[in-house]
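Accompanying notes for the structure given below.
The values are calculated or read from the model by the stated rules, or taken from the named source; none is laboratory data. Because the structure is a prediction, the values reported are computed rather than measured. In this analysis, Cβ positions are derived from the backbone assuming ideal geometry, glycine residues included, and neighbour counts consider all displayed protein chains. Protein only, heavy atoms only, side chains kept; ligands, DNA and RNA dropped before computing areas. Shrake-Rupley method; radii C 1.70, N 1.55, O 1.52, S 1.80 Å.
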Amino acid sequence: MAIYLRYETPGATGYGELVGDEIHPLEGEFGQWRRAAAPLLRLADVKLLAPVTPSKIIAIGPNSRMGLAEAKMPIPEHPMYWTKPASCLNHPEGVIEIPSDVPAVNPEVELGIVIGKRAKQVKRENAQEYILGYTCVNDVTAGDFSTPTSFMSSPFFVYGKTYDGFAPIGPWIVTNIDPSNLHRECRVNGEVRQSQSTSDQIFSPEVLVELVSHVGTLLPGDVISTGSPPGVMPVHHGDVVEIEIEGIGVLRNHARNRS
């Protein structure tokens, strides 16, 4: 297992491998890194950035058996896909801006699949060859989730995921981890909103890589956000949102009204 991150120091940004509390700077193409001849850095001395700079983030849903059961909806043959543009990308400790013209802004804890190499029409049995590792994604979504069908009948079903900063990712990428039974949790000001294992998911990472790569080509650094468990509720100005996934870490962000 390796832990890869992207960091910022005064005047520079880079990728690194985290070992304990030390960062080994890396060089080379994304996912094909090698350790650079550079001094080690301390984790406490850098600012963490989103560990990817994706060309796109593909959000998946629905992908929760429990969520569909609560909504009294059948399990679909295929999930739906939303494309979040690169302008959605947000960093650990970054601000989630709450627009004034939306009914609600909702954080969602999701496991993120990080693509390591160009993937086009991949078969599920070969999907692991294209997965670099996994990360935490907060699939922030504007819209009303107060009733099971309200979001799907609103215009936010189309564009509620595409606002600037609505895709915090991090704090890092973890490789060689089994994603089939990881506890995931969303907390707001320490209060648990969502809490469930990835074992509840309908579509595995391998299936999702196959499905998405048959729709469009995935590039190194692209992320598939694999769907959220039940318990989605809005955040408000001043709230602190924590997305935690077992074996990966905690992604923390701060909600603020857009000025």
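Residue order by solvent-accessible surface for LYS72, LYS161 is LYS72, LYS161, largest first, with ligands and nucleic acids left out and a 1.4 Å probe.
Listed by chain and number, the aspartates and glutamates placed with their C-alpha closer than 18 angstrom to that of LYS123 are GLU77, GLU206, GLU210, ASP222; residues fewer than eight positions away on the same chain are left out. Region 216-259: percent of C-alpha pairs farther apart than 16 Å? Across region 216-259, Cα pairs with separations above 16 Å total 61 percent. The phi-based Karplus calculation (6.51 cos²θ - 1.76 cosθ + 1.60; θ = phi - 60°) puts the 3J(HN,Hα) values of region 112-120 at x, 8, 9, 7, x, 8, 3, 10, 9 Hz, whole numbers, x for Gly and Pro. Solvent-accessible area of ARG34, all protein chains in place: 130 Å² (probe radius 1.4 Å, heavy atoms, ligands and nucleic acids excluded). Match the structure shown to one of the listed values (i) 60, 36, 29; (ii) 56, 45, 27; (iii) 51, 43, 38 of Cα extents along the principal axes in Å, computed from it, and give that label. Identified label for the calculated read-out: (ii).
When nucleic acids and ligands are ignored and a 1.4 Å probe is applied, ILE75 ends up with an accessible area of around 100 Å². Counting Lys and Arg as +1 and Asp and Glu as -1 over every other residue whose Cβ lies under 13 Å from the Cβ of LEU218, the net charge comes to +1. Can you give me the Cα centroid spacing of region 136-154 and region 165-238 in angstrom? Between the Cα centres of region 136-154 and region 165-238 lies a distance of 15 Å. Of the trypsin sites (Lys or Arg not before Pro) found in region 116-153, the ones in coil according to DSSP and having at most 16 other Cβ atoms within 10 Å of their Cβ are LYS117, ARG118, LYS120, LYS123.
Each residue was assigned an accessible area with a 1.4 Å probe, and for ASP164 the value is about 100 Å². Heavy-atom accessible area with a 1.4 Å probe sorts LEU48, LEU40, largest first, into LEU40, LEU48. Ordered from largest to smallest accessible area (heavy atoms of protein chains, 1.4 Å probe), the residues MET73, MET152 come out as MET152, MET73.
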